[in-house]
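Enquirer: Here you go, one structure.
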Amino acid sequence: MTTETTDRNELSATLRDNAEVAAVLGRRYEAGFVTDIETDSLPPGLSEDIIRQLSALKQEPEWMTEWRLQAYRHWLTMPEPHWAKLNIGAIDFQAISYYASPKNKPKSLDEVDPKLLETYDKLGVPLHERARLAGVAVDAVFDSVSVGTTFRKELADVGVIFCSMSEAIREYPELVRKYLGSVVPVGDNYFAALNSAVFSDGSFVFIPKGVRCPMELSTYFRINAGHTGQFERTLIVCEDSAYVSYLEGCTAPMRDENQLHAAVVELVALEKAQIKYSTVQNWYPGDEEGRGGIYNFVTKRGDCRGDDSKISWTQVETGSAITWKYPSCVLRGDRSVGEFYSVALTHHRQQADTGTKMIHIGKGTKSKIVSKGISAGRSSNSYRGLVKVEKGAEGARNYTQCDSLLIGKKCGAHTFPYMEVKNPSAIVEHEATTSKISDDQLFYCRSRGIGEEDAVSLIVDGFCKQVFRELPMEFAVEAKKLLEVSLEGAVG
Amino acid sequence: MSQAQATPFVDSLLQAAAQTPLPSSGIDWLDTARRENLDAFAASGLPDTRVEAWKYTALRALGQRRFVLGDAQAAARAVDAAVFALPGVDGPALVFVNGVFRADLSCLDTLPAGLTLSPLSQALQGDAEPLRFALSRHYREGGDAFARLNAALAGDGVVLRVAAGAKVVAPVHLVFVGAPAEDDIAWHVRHVIELGEEAALSLVEHHVAVGKHQHLGTQVADIVLRKGARLTHVTLQDAGEGSTLVRHDSVQLDAQAQASLYVLELGGSLVRHDLHATLAGDQSRLETRGVFALDGRQHVDTQMAIRHQALNTASDSVWRGVADGRSRGVIRGAIVVAPGADGSDASLSSKNLLLSGQAEIDTKPELEIYADEVKAAHGATVGQLDERSLFYLRSRGIPLAEARSMLTAAFCRAVFESLPNAALREHIDHRLMEHLPSA
């Protein structure tokens with residue numbers, strides 16, 4: 001063994017010890033304890049050493065470290081993509097700290113931006129949750145935590161594994177090894193490669209054969225989910241005939257110090273399995289001029305590996321300064337089904353380039369895409385989708401509908417659907433419309449005494465109904481409110 | 001870049017350009033524009049499929065081929081005028097064989113009042129200044145390699161002007177004949193077409209072949225419609241089986257101008273058509289109608305971009321595609337509504353039939369909307385003949401093959417229904433019927 005590796009091992013051990021110590025101390029002395037930043041975060045920058053340290057900090061096995069390094073080496077060879085219809089400021093990847101426990105947390109709600117609190121009020125977020133959402137560093141015991149533990153027991157009884165990715169790597173290495181990167185390979189795209197190299201944490205869900213997950217799983221309920229980090233990695237595996245519905249995010253705006261979020265979500269559905277994945281994304285969109293705000297560059301892909309499997313994506317995207325995500329389905333199994341329902345709302349100077357890919361490989365595969373884009377202010381909202389029917393996809397069927405609604409004169413709404421068909425028995429249909437809120441509809445509402453802003457949100461709600469219907473009930477109610485809040489000031 | 005320069009295609013054309021001086025050189029600005037465009041082409045070479053506009057059309061095979069620049073023997077090639085005779089098209093005609101103007105085949109004797117029509121080579125000998133704006137254009141987009149090549153090497157083409165208020169009723173016939181030669185020839189034609197205020201013109205652009213050849217033809221056309229002008233433009237592309245044809249049309253419509261563009265793509269082995277239309281004036285209207293019917297190993301790629309940038313403009317596009325054999329049909333239809341272009345009404349429909357397991361159709365309708373007082377919609381489908389319709393016809397004693405070709409023809413025919421020239425419409429229907437797969 002060379003001295004260099006010995007040094008590195010020692011260093012990792014020291015860091016690990018420090019991290020553990022800091023974590024323990026942090027819990028006990030939260031109010032007054034000032035953590036030494038050097039002990040629980042890595043210096044900014046990205047290199048093989050940093051990745052090794054990160055992996056060591058997270059006590060990962062050797063194969064995981066190697067996996068990360070492989071991704072990193074690939075990432076180095078890739079050019080930053082510029083094809084999306086987005087205006088992205090230069091990202092300095094060396095200026096980011098790839099492992100940092102959240103710093104500069106406000107110490108109480110009094111220090112939190114009053115605007116944020118106002119929004120919570122409007123959304124009806126319970127008081128005890130507001131602190132958590134605002135990222136206040138108080139160690140209160142929330143209902144959700146205790147609720148979470150009860151859930152865990154119930155899940156364990158039916159054999160469902162639901163834990164953080166770090167835990168999964170330690171506890172279920174063979175499962176993680178088998179499926180991680182099998183849907184989104186390490187070198188898939190620029191941001192997926194980056195994520196594979198430096199992902200901090202995420203969720204791991206495993207539903208064994210024939211099990212119908214007894215409840216809707218949500219990151220929100222997961223213990224230790226307080227700060228999942230900017231490079232989130234989620235892996236959901238559904239074995240034969242299993243079913244799960246997974247909710248990601250929440251409707252209340254999340255405060256976050258990190259500008260760049262590059263998450264990867266992988267779904268694997270084996271024979272007759274069904275996965276329903278719902279997202280409500282409401283990260284900080286920046287101020288009215290677009291300053292600050294999160295870059296949300298996400299790779300989400302589901303693989304219908306088994307026959308008769310089904311993957312359904314539903315998303316409500318209202319936050320982030322820049323959203324760049326295309327939840328996709330690879331319909332490999334015969335008669336597998338892919339669905340994509342999306343509402344993307346942009347306001348002020350937000351930019352969204354989002355859509356889906358449906359890759360039909362198996363026979364008799366079906367896909368359905370419903371996308372609703374709403375742009376207001378000076379924002380830009382694009383749908384970008386690909387429907388690809390491979391030669392063997394006998395009898396494949398796709399239906400795509402994407403509608404855009406414009407509110408205001410300075411926003412943009414765009415549609416870029418790609419259709420590639422190689423099988424003569426396939427039927428692929430695409431329809432798109434773009435319009436503004438019709439004056440007739442507005443007039444009708446107003447003549448019945450509904451105020452302008454309420455009328456607009458009523459119409460917008462109707463416009464999005466098709467997608468909201470696919471959301472789990474409580475989410476749907478919140479999503480509606482969320483749109484109202486997000487559209488504030490868009491009219492008049 | 002250096003790799004692009006190394007391809008035989010680029011190599012052969014650059015060499016040819018260095019050896020043969022172009023006709024009508026000596027005009028300073030034209031020589032400069034030609035040189036600059038050639039340099040740009042030399043630097044970029046042919047685009048690869050990573051360039052978005054060429055995503056579905058690979059030029060690797062073309063890049064490996066060598067071409068001779070222009071046909072020195074064009075004047076002597078035997079061409080029977082019956083090849084390009086069209087019913088309902090009896091106006092003046094301009095005929096080019098392998099890109100070279102043939103006065104003997106053309107008909108320029110009795111031009112209607114208000115119409116100026118001459119080959120580019122002649123127009124440049126007179127006062128070239130009016131052509132300066134169009135011919136000094138630079139093509140800067142990454143995928144514009146052929147337009148650059150054309151701007152650098154086109155020695156001939158069509159210069160057509162309709163004076164303000166003049167109505168040219170009998171269709172003007174522009175014919176491009178590909179004739180077999182000793183080598184594979186690359187020819188380039190450049191058109192400048194302008195309709196004055198309130199002028200009207202009916203134009204038929206016709207690509208045909210006599211015998212087998214594998215030439216490359218490029219064509220760049222700048223078409224301008226001044227206020228209130230009306231244009232009906234029919235393109236009948238019946239080029240030779242093995243030929244490569246690249247067309248680049250820019251159409252500009254000023255206030256209240258109206259253009260109807262009809263395109264029928266039947267021939268060629270590799271065909272690319274870029275159609276860029278700009279609705280630049282208030283209340284201008286554009287109608288595009290197109291059909292491609294492919295078989296064998298044909299590859300036809302249509303890239304249409306319609307830009308609304310004035311008030312109360314309208315565009316309506318209807319395209320149908322049929323792909324059989326091992327062919328590949330590509331159609332992109334982009335609609336852009338610029339900021340402030342309120343009252344725009346844009347629609348596009350692209351329906352396609354995929355008739356064979358080896359064929360492929362790629363369609364990409366796009367909307368880019370920056371104004372809110374708009375109506376914009378597009379629809380695209382890829383599918384096959386309706387089983388129930390087939391069953392209906394068969395239950396009435398029509399054999400399967402015939403039923404299929406009837407339905408396929410009906411699928412395409414609707415596109416040309418609005419074409420006012422009945423005789424020509426009938427001919428197009430007939431050509432389409434002949435061309436469609438009967439099995």
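Enquirer: Averaged over its residues, how many other protein chain Cβ atoms are within 10 Å of peptide B:378-389's Cβ atoms?
Expert: What the average comes to for B:378-389 is 5.
Enquirer: Using alpha carbon coordinates only, what is the Rg to Rh ratio of segment B:3-281, with Rh defined as the Kirkwood radius?
Expert: Using only Cα positions, Rg/Rh for segment B:3-281 is 0.94.
Enquirer: Average projected area of the Cα convex hull of segment B:201-254, in nm²?
Expert: Taking a quarter of the hull surface, the average projection is 3.9 nm².
Enquirer: Tell me which of A:Val389, B:Ser250, A:Leu69 sits at the most positive position along the dipole axis of the protein assembly as shown, charges placed on C-beta atoms (Lys, Arg +1; Asp, Glu -1).
Expert: The residue sitting most towards the positive pole is A:Val389.
Enquirer: Just checking the output field for B:322-329: average partner chain Cβ neighbours within 10 Å of each residue's Cβ?
Expert: That works out to 1 on average.
Enquirer: Okay, next question. What's the average, rounded to a whole number, of partner chain beta-carbon atoms within 10 Å of each residue's beta-carbon in A:399-410?
Expert: That works out to 3 on average.
Enquirer: Projected onto the charge dipole of the protein assembly as shown (+1 at Lys/Arg Cβ, -1 at Asp/Glu Cβ, origin at the Cα centre), which of B:Ser395, A:Ser404, B:Phe146 gives the Cα projection farthest towards the positive end?
Expert: Highest projection toward the positive end goes to B:Ser395.
Enquirer: Given Cβ point charges of +1 (Lys, Arg) and -1 (Asp, Glu) and nothing else, what value in debye, to the nearest 20, does the dipole of the protein assembly as shown about its Cα centre take?
Expert: It comes to approximately 1520 debye.
Enquirer: Mean Kyte-Doolittle of at least -0.5 and a Cα length of 18 Å or more along the axis: which whole DSSP H helices of chain B meet both?
Expert: B:400-413
Enquirer: Now for a different question. Amide H neighbours of A:Asp334 under 5 Å, counting only residues 5+ apart in sequence or on other chains, H built in-plane at 1.01 Å?
Expert: Sorted by chain and number, the residues that satisfy this are A:Asp307, A:Asp308, A:Lys363.
Enquirer: Can you give the convex hull volume of the alpha carbon atoms of the protein assembly as shown per residue, in Å³?
Expert: Output value, Cα hull per residue: 193 Å³.
Enquirer: In terms of modelled amide H atoms, which long-range or inter-chain residues lie less than 5 Å from the amide H of B:Val251?
Expert: B:Ile223, B:His276, B:Ala277, B:Thr278
Enquirer: Also, I was wondering about something else. May I ask for the distance between the Cα centers of segment B:338-409 and segment B:27-94, given as a whole number of Å?
Expert: 30 Å
Enquirer: Dividing the convex hull volume of the alpha carbon atoms of segment B:173-295 by its residue count, what do you get in Å³ per residue?
Expert: Normalising the Cα hull of segment B:173-295 by residue number yields 79 Å³.
Laboratory data are not the source of any read-out in this text; all were calculated from the coordinates shown. As the structure is a prediction and not an experimental result, all values here were calculated from the model. As a convention, Cβ positions derive from the backbone with ideal geometry for all residues, glycine included, and neighbour counts pool all protein chains shown.
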